[in-house]
Amino acid sequence: MENRQIILPVRGMTCASCVGHVEHALSSVEGVSKASVNLATEKATVQFANGDLETAELVRAVREVGYDIAQEKVVLPIGGMTCASCVAHVEGALRDTPGVIDVTVNLATERANVTYVPGVASIEDFKASVAKTGYQVLETDEIEQADVADEAERKMQQASFRMKVAWGFTIPIIVWMFAEMFFGIVWPNALVFNLGMIVLSLPVLFWVGRRTYNGGFTAVRHGHANMDTLIALGTGVSLLTGPASFFFPVANYAGVAAMIMAFHLTGRYVEEAAKGRASQAIRKLLELGAKTATILRDGQEVEVLIEEVQVGDTMVVRPGEKVPTDGVVLEGESAVDESMATGESMPINKRPGDEVIGATVNQEGLLKVEASKIGKDTFLSQVIKLVEECQGSKVPIQEFADRVTGVFVPVVIGIAVLTILAWLFISGPMQGLVGLGSFLPWVDPGLGVVTLAIVSMVAVLVIACPCALGLATPTALMVGSGKGAENGILIRTGEAIQTMKDVKVVMFDKTGTLTKGRPEVTDVISVKEASEAEMLRLAGSAERGSEHPLGRSIVEKAEAQGGVLEEPKNFQAVRGKGVSAVIGDRQVLVGSRRLMRENGIDPQPLEGSMRRLEDEAKTAMLVAADGRLLGAIAVADTLKDDSEDAIRALHQTGLQTAMITGDNQRTAEAIARKVGIDHVLAEVLPDGKVQEVQKMQERFGLIAFVGDGINDAPALTQANVGIAIGTGTDIAIEASDITLVRGEISGVVEAINLSRATFRKIKQNLFWAFFYNVAMIPLAIIGWMHPVLAEIAMATSSITVVSNANRLRNVEIRPAYKLEAEATEPGSLPVKAGIAV
């Protein structure tokens, strides 16, 4: 970026004052010599005084004054990466590309997630930057069109072939070497033996091992080194001892070179297989979608490819078939298995007007569904996008590992050089150290100094494992995000996983989060001489003329009880008091005490019941007919079925809970007491939620906020972890760090359990990756590690990290109360994997 200018598209400016704010913000960034902003074009031209300024700093400065820079995201498939050092080089190259705001490269998925300013940077720029480091950006279209499962299978088969060929030549080497090692017999003679070792090792190194050599030396050619470089140097030096043994007093380690490469290729194969299991989430998501759909055209059923379905088409879905794409039921009733989306084992009843999710399975009746979303707008596509985003993100704890891997390989090469120099120039102490390890069967202190120097140097080169460091976090994120999708938990970033473990308080918005978000009749109380059923029928008939949600809930209750409702006559809504209507030949009133008194009816007989209901945070309405009090009906936004159990489970994990609501203090405290909430924030206006979250952060520290994801977007953003909870296909996925597909509070408990389990695996993986390298390299320096054993240990470390991450798939994240409930539910479907694994 040296001696250049950059043009940034600015969003959110409305006047000259905005221009001044943006210009001042950009000019204040260190390194900027001049900034000018044009309101008409909404562009900022920034001139740099030097080349040290990153685009991200400019974006940050603009955002801090309340505006934004237009940006886009792209996922780039990267070819040629083998270890964490490769990741560091690719990331560095992309980050240094002008216009790039942020970049994360994932070794496990072999993808780069790049956020950039359009018009400043382009795909071609990224390709050029990556190519300069010796890697390549693969063609995105080809990757998207290829079947992901086939691609993984092809990689595994290639790795399997290379491994089998390597062992085909290496096993004869091992058998031949055994005679010398255990019986001291060089058969048939030293010349043939040494030549045989060299000849048998060549196909292993330069045929099936060619990719390793290409990768290693390509990296060197571009000014850096990676794990392939270490293996290439180690096996190359070992091979050279073969010809050298004809002229110098040094042991022939050409056969050992083949063994190192064979174990390396074996590790690669097992790693590919394990990575394939870790990435099942995306593959299974892609496989879930329907391939065809039956739609109505001119009254005739026509089967078409799913790509041909248009918004507005009427789809016919028979029992046992998948719903082709997101839509709304037009005709028919059926139970739909939505476990692939929500993890919920019970099928959900669907009737006209209900939403259905594409790829869910119709179980019983025939449904006619109007397509509402297609292609990349569908729920399934959004979930795939979110899982990919999470798998491409990083966890803050990984930053230290990234700094280490950036210098890891050069440091190891330096240690290897120092090792051979130490053996050659201070051989006495080094031989003494080797002698201490003579109890190990593979340590031979009787070897010459030069041989021991070479053995130790090769062991240092091949035992160092940046690969384990590179796979430690991505594989755990892959499995964790997949398991989350399986249970209806969509995690946007790895940062949310790490932050969640330190959250102190979980704040809930009341309406639609802790409660169902719609009023329901909870109590029907009649006076002695009145019939509850008749009272409910009269009240329901009167409320048929009302548009108020409380009135509609009474109508629904009356209809559900089987009452035959009549059309109201002379209907009148009395503002703030209730309604009056003539039902049949009776004058009916439904409403407040004041309405009753104004019509000469004494509400006193039910005063005790009314106060009790109001203390329980319910809206109580009196019902009267022909001047006589019949009873009372209570309506409330009822708590979700699992609210109390979920709050109790959160307390058991050591978390405090809080509720934020616009209700008055008395009502809010009544709800909080019932559900077991610790802190109540009542009478909070919608625009005051952000301030309340800030106050809780100042008081307690890290806060998770649970809301509906649409009305609560500012509070979700302010919280350290924003959790959007909802149902159906219209959940505001973009508004939160974690999205819960099901509308159940148990999802919050599961999200916390999953985050903690995933972060635990990440820490375990990073510990073992670091511990392995710290412990093993010193043993290799002093000659206690045979090069072959060093390579076995190196391969094992990578396999261990990936396998440990895969164990996360078996972790139970559902709370105990939910497991017990599912086990006792009659007719429930078997608990099974949902979206992911």
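The values are calculated or read from the model by the stated rules, or taken from the named source; none is laboratory data. This is a predicted model, so every value here is computed, not measured. Heads up, the Cβs are rebuilt from the backbone with ideal geometry, glycines too, and the neighbour counts pull from every protein chain shown. Side chains are part of the model used for accessible areas, which takes the heavy atoms of the whole protein and leaves out ligands, DNA and RNA. Shrake-Rupley method; radii C 1.70, N 1.55, O 1.52, S 1.80 Å.
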Trp207 accessible area, nearest 10 Å², 1.4 Å probe?
-> 120 Å²
Go ahead and collect, in residue order, the members of the stretch 638-662 whose backbone nitrogen is under 20 Å from a label point 7 Å along the Cα-Cβ direction of Asp678.
-> 643-661
Label model pair Lys43, Val411: point-to-point distance (7 angstrom along the Cα→beta-carbon line) in nm is 4.6 nm
Could you please report the charge total around Leu233, scoring K, R as +1 and D, E as -1 over all other residues with beta-carbon less than 15 angstrom from its beta-carbon?
-> -1
Principal-axis tilt of helix 84-95 within the chain, Cα atoms, nearest 10 degrees = 60 degrees
In vacuo Debye scattering of the stretch 323-418, one point per C-alpha: log10 I(q)/I(0) at q = 0.10, 0.13 Å⁻¹?
-> -0.47, -0.58
By accessible area with a 1.4 Å probe, ligands and nucleic acids excluded, highest first: order of Leu195, Leu550 | Leu195, Leu550
So, over other residues within a Cβ distance under 12 Å of Ile295, counting Lys, Arg +1 and Asp, Glu -1, the net charge is -4
Over all viewing directions the Cα convex hull of the stretch 547-643 casts an average projected area in nm² of 7.1 nm²
Label selected from (i) 34.5, 122; (ii) 43.4, 137; (iii) 47.3, 152, the criterion being Rg and Dmax of the Cα atoms in Å as computed here | (i)
Between the stretch 755-810 and the stretch 348-376, the Cα center-to-center distance that results, in Å = 47 Å
Determine the order of Asp712, Asp354 by accessible area, beginning with the largest, at a probe radius of 1.4 Å.
-> Asp354, Asp712
Any idea of His264's accessible area? Nearest 10 Å², probe 1.4 Å.
-> 10 Å²
To the nearest 20 debye, the chain has a Cα-centred charge dipole, built from +1 on Lys and Arg Cβ and -1 on Asp and Glu Cβ, of 2060 debye
Express in Å², to the nearest 10, the accessible area of Leu418 obtained by rolling a 1.4 Å probe over the protein heavy atoms while all chains stay in place.
-> 120 Å²
Once every DSSP H run of n ≥ 4 in the chain is given -39500 (n - 2.57) and the sum is divided by its residues, what mean residue ellipticity at 222 nm do you get, rounded to the nearest 500 deg cm²/dmol?
-> -15500 deg cm²/dmol
Rounded to one decimal in Å, the inverse mean reciprocal Cα-Cα distance for the stretch 659-729, i.e. its Kirkwood radius, is 12.7 Å
If you check each cysteine of the chain for another cysteine whose beta-carbon is under 4.7 Å away, which ones come up empty?
-> Cys15, Cys18, Cys86, Cys390, Cys465
Rounded to the nearest 10 degrees, what's the angle between the helix 746-781 long axis and the longest principal axis of the chain, both from Cα atoms, 0 to 90?
-> 10 degrees
Return one number: the angle in degrees, 0 to 90 and rounded to the nearest 10, between the long axis of the Cα atoms of helix 787-806 and the longest principal axis of the Cα atoms of the chain.
-> 0 degrees
